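Each remark here refers to the structure printed beneath this line.
Readers should treat all values here as calculations from the given coordinates under stated rules, not as data from a laboratory. Fair warning: this is a prediction, and the values are worked out from it, not measured in the lab. Reconstructed Cβ throughout: ideal geometry from the backbone, glycine too, with neighbour counts over all protein chains shown.
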């Protein structure tokens, strides 16, 4: 098991180096001079230009520049925002909990509905139930989620006036960030109504972000279950006189979950791509919106650092998925 | 009274290209402590009839029977729930592919004691003790150490032993073994067959042994039932069957045994294949492959009495010669 | 007995690879299974209609997609109060007919799909063939690069690429093609690796076929099935991603009647004029859904495991 993980981790190193090369190259590939770009709108004087070039090391050979860059990253220095002048890592850490909270809620929603729906469709293969579930799943899978978000806003915020349009919590409430998770912080604050407000802000973005993973998980669960249900050991389980719940919910599902967990893990990348759109629609102050805003503000050092941090995080999550995969698949466990 | 009594069992599968009758009016009866062997080529419906008894067929199968009694209870009128308390406890089954019949996600102990948990009141430690006992009884060395192993760590022979331990864990009155040694090495085959025979004697258990191997039949069975294309074509005690088969198909099967090869070393084979869904002959199903067939065989086959092994044949063989020819010969001589 | 006959049949199939009858037999079988699938046929019909609408857009559209009617700002669809039969689906904030813009938008979406799939597929197949055929360090290097591309969320990478290349439809399409292309590389490489040691390839090599002939004429046609399915899925992904980039303001630029861009322009009116937001998104959804239905049908028809016996 440990050897398995170490091997997986070893495979990540070249990928991480590649990712860092892309992030490193990004600023140098932009049309125009990097110093001018980094200086932003106001421009720089000639002396200042020289000083900056030396400070950023742009006068050194490209290999040296890259090694220095890699060294900075390993020390936790991901550059400084051109606009806010704050370290990129610090901004990232501040905004990340918002994205994490949204993503966790979305993945919970997608799993909690997607897996049972997929099981039901597989067990009732070919029935009306199966066709309806798979039809809805395909619509979800084909959904332009930025439009889906707008539709939900029109319906729930516009027509019905049930939910707020944007943000994480009503401006009426103010309390210090403890965990960064609004749901938990609002409870800790003890202010009446704060939790309710946080929940109502979270509902629509969660639905929007969960849509595609939900559809993918339901489809994957169905096909994994169909494969497993025709296996000999399911017949063995039934020959023991076990009831359908135990046969399907334990013997079949336990095996079908192995590919489904991998699928759920792969949804992390999808989720972060979705977060870019979802957060933009709902003005959710997370890293997705942060990245889009930075692209527009031409805050390229944030884009560069964010790119690397996000890719690194996805790689870590994939490692975690491999770990879970190893835990639930006895053929890998040692 | 017989332990198991099935009359006129038919199984029809609903396939994409129309209904297919896999079992056609078969009778099966098994006495307590008896070993009955059901013999036939693949496609003869021998497994399907037993899977129908166990209730293990997919939803596409329609099962009908005039009678299905086990140990004095009517299986046809039982609810599914009632039937599940008989299946596993009183009638157990082992399968052709032991490696894929065990659930890869659960330990040997879990799978054996799950049966005990379902059908007995034993507590956890008692179940564990019983599991060790059972594993010892089926010849698994150092069973305490094997409790925690997963199926992929076991060989085919070991897997089948675990399956047998599991199937016999509630001391069933009837064990159905569906080609239990086909997937195993020849040396292991003999061991497993000996084990099954011993278990029957020790536990007062009846055994239905499904096989296509006449050698296995000779070694194991008390009584033999030969099936062809979903029909029972002959039924006799094992000695008289080998000495004097009455149905041409049985005779052909026996003459295909290597030990009975002709002096020149030529091993006869039955020409043609079992009829499938679309090429069922109108009369006797064996007629196209039968070397004794006459015109009347194209219209149907007659069921003979017990002295001719209930052979489903118009011209049952006596000592290798069709009965009507013997009569004709006798008349000529007279 | 049965085993031998199967092997013989398989060999024959490969021998007759380029002969007419065998090809038509396969296509016929494919069409048989595809046409059995109601969803797939529906998808095909809808998609065909969209293609026709795009082709004949100038003939069908009641108005010019860019004509601004200053007397008709935010006119609702004709069935709503204040609606006007001249503008069936209403008008947008500067008085352009939404239906006409949608009809012309179909051209952009289909063009995006075709452009991206052709670009991603050709580069992906070539790189994949090289990786799978040459193996060794070339293969390792290529696959590591693909891993790196796949390590980023696709939309984020496309967004950043557009930031480098500059906003615009062409750059957005290039960025999306680059992001989608690793899937083709992986698929091609995997198929090539399983095919390259098959008897028919070896016999062709023994017969003296050159490397290019082996790669493109002998091996490639036998790897096409999964690639076509992936191509269909990429087509719908390309439309979705391009619309998303347009929505974020990084794709096609206004006043292009691209559906995602239309949504971006409509955002500020979402609580005042639902139709400006609803119809472009619906057009995206219907198009993508039709393509995905076809893709599912093709996958099922090409996957022998799922076929009913």
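Key figures for this structure:
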{"read-out": "Choice from B:61, B:243, B:252 showing the highest fluctuation, given a GNM over chain B with Cα pairs closer than 10 Å", "value": "B:243"}
{"read-out": "Over segment B:229-323: Kirkwood hydrodynamic radius from C-alpha pairwise inverse distances, Å", "value": "13.9"}
{"read-out": "Value in Å of the Kirkwood radius, where the protein assembly as shown supplies the Cα pairs that are averaged", "value": "33.5"}
{"read-out": "Chain C - mean residue ellipticity at 222 nm from DSSP helices (-39,500 (n - 2.57) per run, n ≥ 4, rounded to 500)", "value": "-23500 deg cm²/dmol"}
{"read-out": "Volume in Å³ per residue [convex hull over Cα atoms, computed for segment A:68-150]", "value": "170"}
{"read-out": "Extent along principal axes [Cα atoms of chain A; Å; largest to smallest]", "value": "85, 53, 37"}
{"read-out": "Sites residue A:155 and residue B:124, calculated FRET efficiency, Cβ-Cβ separation with R0 51 Å, nearest 0.05", "value": "0.45"}
{"read-out": "Cα-Cα separations in segment C:161-309 greater than 21 Å, expressed as whole percent", "value": "59"}
{"read-out": "Whole-Å semi-axes of segment B:69-161's equivalent ellipsoid (Cα gyration tensor)", "value": "27, 16, 12"}
{"read-out": "Calculated FRET value between residue C:286 and residue C:79, using beta carbons and R₀ = 22 Å, to 0.05", "value": "0.70"}
{"read-out": "Highest-fluctuation residue, A:183, A:102, A:214 considered, GNM on chain A with Cα pairs under 10 Å", "value": "A:183"}
{"read-out": "Label-point separation, residue C:55 to residue C:203 (7 Å along Cα→Cβ), nm", "value": "4.1"}
{"read-out": "Alpha-carbon gyration tensor eigenvalues x 5, square-rooted, for segment C:189-257, Å", "value": "41, 12, 8"}
{"read-out": "Stretch gain in nm, segment residue C:48-residue C:213, where the contour uses 0.36 nm per residue and the Cα spacing is subtracted", "value": "55.9 nm"}
{"read-out": "Model label zone, residue A:125; criterion: amide N under 14 Å from point 7 Å along Cα-to-beta-carbon; scope segment B:11-28", "value": "B:14-16"}
{"read-out": "28 Å tail of the calculated P(r), chain C, as % of Cα pairs", "value": "51"}
{"read-out": "Residue with peak Gaussian network fluctuation, chain A [Cα springs, cutoff 10 Å], from A:36, A:80, A:111", "value": "A:36"}
{"read-out": "Over chain B: helical MRE at 222 nm, DSSP H runs n ≥ 4 each giving -39500 (n - 2.57), nearest 500", "value": "-9500 deg cm²/dmol"}
{"read-out": "For chain A, calculated [θ]222 nm from helices alone, where every DSSP H run of n ≥ 4 adds -39500 (n - 2.57)", "value": "-24000 deg cm²/dmol"}
{"read-out": "Packing rank of C:252-262, B:11-21, where each peptide gets the mean count of other beta carbons within 10 Å, highest leading", "value": "C:252-262, B:11-21"}
{"read-out": "Point-to-point label distance, residue A:67-residue A:94, nm (Cα→Cβ direction, 7 Å offset)", "value": "3.5"}
{"read-out": "Simple label model, 7 Å out from Cα along Cβ direction - residue C:267 to residue B:198, nm", "value": "7.7"}
{"read-out": "Extended-chain gain in nm, criterion 0.36 nm per residue less alpha-carbon gap, residue A:13 and residue A:75", "value": "20.7 nm"}
{"read-out": "Per principal axis, descending, Cα span of segment B:20-137 in whole Å", "value": "46, 31, 31"}
{"read-out": "Alpha-carbon Debye profile of chain B, log10 I(q)/I(0) at 0.07, 0.09, 0.10 Å⁻¹", "value": "-0.32, -0.52, -0.64"}
{"read-out": "Cβ-Cβ FRET estimate between residue A:178 and residue A:112, R0 fixed at 25 Å, reported to 0.05", "value": "0.40"}
{"read-out": "Peptide B:101-109 - average C-beta neighbours from other chains (10 Å radius)", "value": "6"}
